[in-house]
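Report on the structure given below.
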């Protein structure tokens, strides 16, 4: 039990320092990443600003994954496995021929979902000059 408590204590230190105070557990971040990935695999239709905000959960996860202290705990392996699985799903839902962020940015910031509709498709065209590969339903 102590390991779990220490794992969460360290996570909360990281969360506070990176502005994710409302998320009590790294697994809640994973749940938010899973929600976002699900939207991207179906048909993302929010604005580009919401896309950028929703995608920022992956930035927070990376801070957690990069922390050597958290990596010592058993729960870290579960977290890493969950993130890797979701990352693979997100990559599969994204195009590889265009990017939303410059080279050198984290890969998830460069990803553009294959299917876009509504305001998101319009924002991709207007702000990034990217034509959606497929318009959503």
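The values are calculated or read from the model by the stated rules, or taken from the named source; none is laboratory data. If you're wondering where the values come from, they're calculated on a predicted model, not measured in any experiment. Here the Cβ positions follow ideal geometry from the backbone for every residue, glycine too, while neighbour counts run over all protein chains shown.
Assorted remarks:
- Inter-residue pairs, beta-carbon under 7 Å, first free of Cβ contacts under 8 Å to residues at least 12 places away in the same chain and on the phi > 0 side of the Ramachandran plot and in the stretch 12-37, second crowded, with 18+ Cβ neighbours inside 10 Å and part of a loop (DSSP other than H, G, I, E, B), 6+ apart: none
- Tally of residues being surrounded by fewer than 16 Cβ atoms within 10 Å (Cβ to Cβ) and assigned to a helix (DSSP H, G or I) across the stretch 90-108: 3
- Residue under evaluation residue 66, criteria (1) at pLDDT 95 or above; (2) closer than 24 Å to residue 113 by Cβ, criterion not met: (2)
- Any hit, the stretch 121-134, residues being out of contact with any strand residue (DSSP E or B) (no Cβ under 7 Å at 6 or more places or on another chain) and modelled with pLDDT under 90: yes
- Enumeration of residues in the stretch 79-132 that are under 30 Å from residue 5 (Cβ atoms) and free of Cβ contacts under 8 Å to residues at least 40 places away in the same chain: 80, 81, 84, 85, 87
- Considering residues of the stretch 125-137 that are touching a helix residue (DSSP H, G or I) at 6+ places or on another chain (Cβ under 7 Å) and closer than 16 Å to residue 39 by Cβ only, the residue surrounded by the most Cβ atoms within 10 Å (Cβ to Cβ): 132
- Scanning the stretch 14-60 for residues being part of a helix (DSSP H, G or I) and either surrounded by 13 or more Cβ atoms within 10 Å (Cβ to Cβ) or within 12 Å of the chain's Cα centre (by Cα) (or both) gives a total of 32.
- The stretch 1-54: number of residues that are within 30 Å of residue 124 (Cβ to Cβ), in contact with a helix residue (DSSP H, G or I) (Cβ under 7 Å, 6 or more places away or on another chain) and modelled with pLDDT under 85: 3
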